[in-house]
Amino acid sequence: MDKSLSVNEILTDAWQLAKRNIWVLLGFTAVQFAFILIITTILTSVFGGASGAGVLIQNIILSLFDAFFTVAFYQVFFKLIDEDTDPEFPDFIPNLVKAVNFLIVKLIIGLILVFIIAIISSVYFYNKQDIDTSNPFSWDLLPVFTLIAIPLVFLTIRLCFVVCFIVDQESGASESISQSWAITKGHFWFITLLFLVMLGLNVLGAMALFVGLLFTVPFSSLILIIAYRHLVNMYAEEEEILLDDEEDKYGN
C-alpha cells in the first residue's frame, strides 16, 4: 500500500515549498520562540515557583498559545499550497473554532495517554514495589518506560494529521481523530520513517547551536502537511477505484 508513497518525493515537495516561502517559514518560528520566551518570563515572574494551580494555569496559557499558533501556521501554508499566492495579514490570524477544536483534541489525547500511563504504571509497580523511583535512569525503570513509549509512539503516528484535517477540511475534534486514524491505516511504518527523518533534521538543527531549529522545526510541519496531502489524494483515488469496482460488479 505504501508503494506509491515516496519519502524522497515528500521531502522534495516540502523543500520546494520551504524555499519559495523561506522568510514566512523562518518568521513564524522566530515569532513563536520570541512569544514563548516572553510568555514564559511573564508567567515565571507572576507565579514564581508555584505548584498545583499555578502550574496548571501556566500550562493552559502555553497550550492556548500553541494551539492558536499552530492553526495559524497550517492556515498560511495550506493557502500557499492551494493558491500559490503571497499570504495576507488576515491569513495569519488563527480561526477561533479551529483552535478550540485543536485544543479539545489535545485534551482528549492527553487524557487517553494519562489513563494508559496510569494503568501500565499501576500494573508494573504492583509487583515491584521495592523499585527506587527517585532515580529516573535506573535500569529497573527501563521496562515501564518502554511499555509507556509503545502506545505513546503509536498514538502519535496514528493521530499526527488531526490538525491538518481541522484546518484543511474544517473537521471537528472527534471527526479529525477518526479521519487521521483512517488515513494512516496501512501507512504506520512509512509515517514512522518520516518521523525518524524529522527527528534527525531537528537533531542537526540543535547541533547547529540551536539556530538551525528555526528552520528544521517548521520544516518538519511542512513534511507532515505534504505527507497529509499525498495520503488524502491517495485515499480519494482508492475510494473512487472501489466505487468503480462496485459499479462494474453490479453492471451499473
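The values are calculated or read from the model by the stated rules, or taken from the named source; none is laboratory data. Predicted, not measured: the structure shown is a model, and the values here were computed from it. Reconstructed Cβ throughout: ideal geometry from the backbone, glycine too, with neighbour counts over all protein chains shown. Surface accessibility is based on the protein's heavy atoms, side chains included, excluding ligands, DNA and RNA. Shrake-Rupley method; radii C 1.70, N 1.55, O 1.52, S 1.80 Å.
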Solvent-accessible heavy-atom area per residue, rounded to whole Å², over region 1-120 at 1.4 Å: 59
Residue-wise HN-Hα coupling along region 206-220, computed from phi with Karplus coefficients 6.51, -1.76, 1.60 (Hz; x: Gly, Pro): 5, 5, 7, 6, 6, 5, x, 5, 4, 9, 5, 5, x, 5, 4
Distance (nanometres) between label positions extended 7 Å along Cα→Cβ at Q16 and N233: 0.9
Per residue solvent-accessible surface (Å²) - region 144-193, probe of 1.4 Å: 45
Accessible area of region 140-203 belonging to carbon and sulfur atoms, whole % at 1.4 Å probe: 74
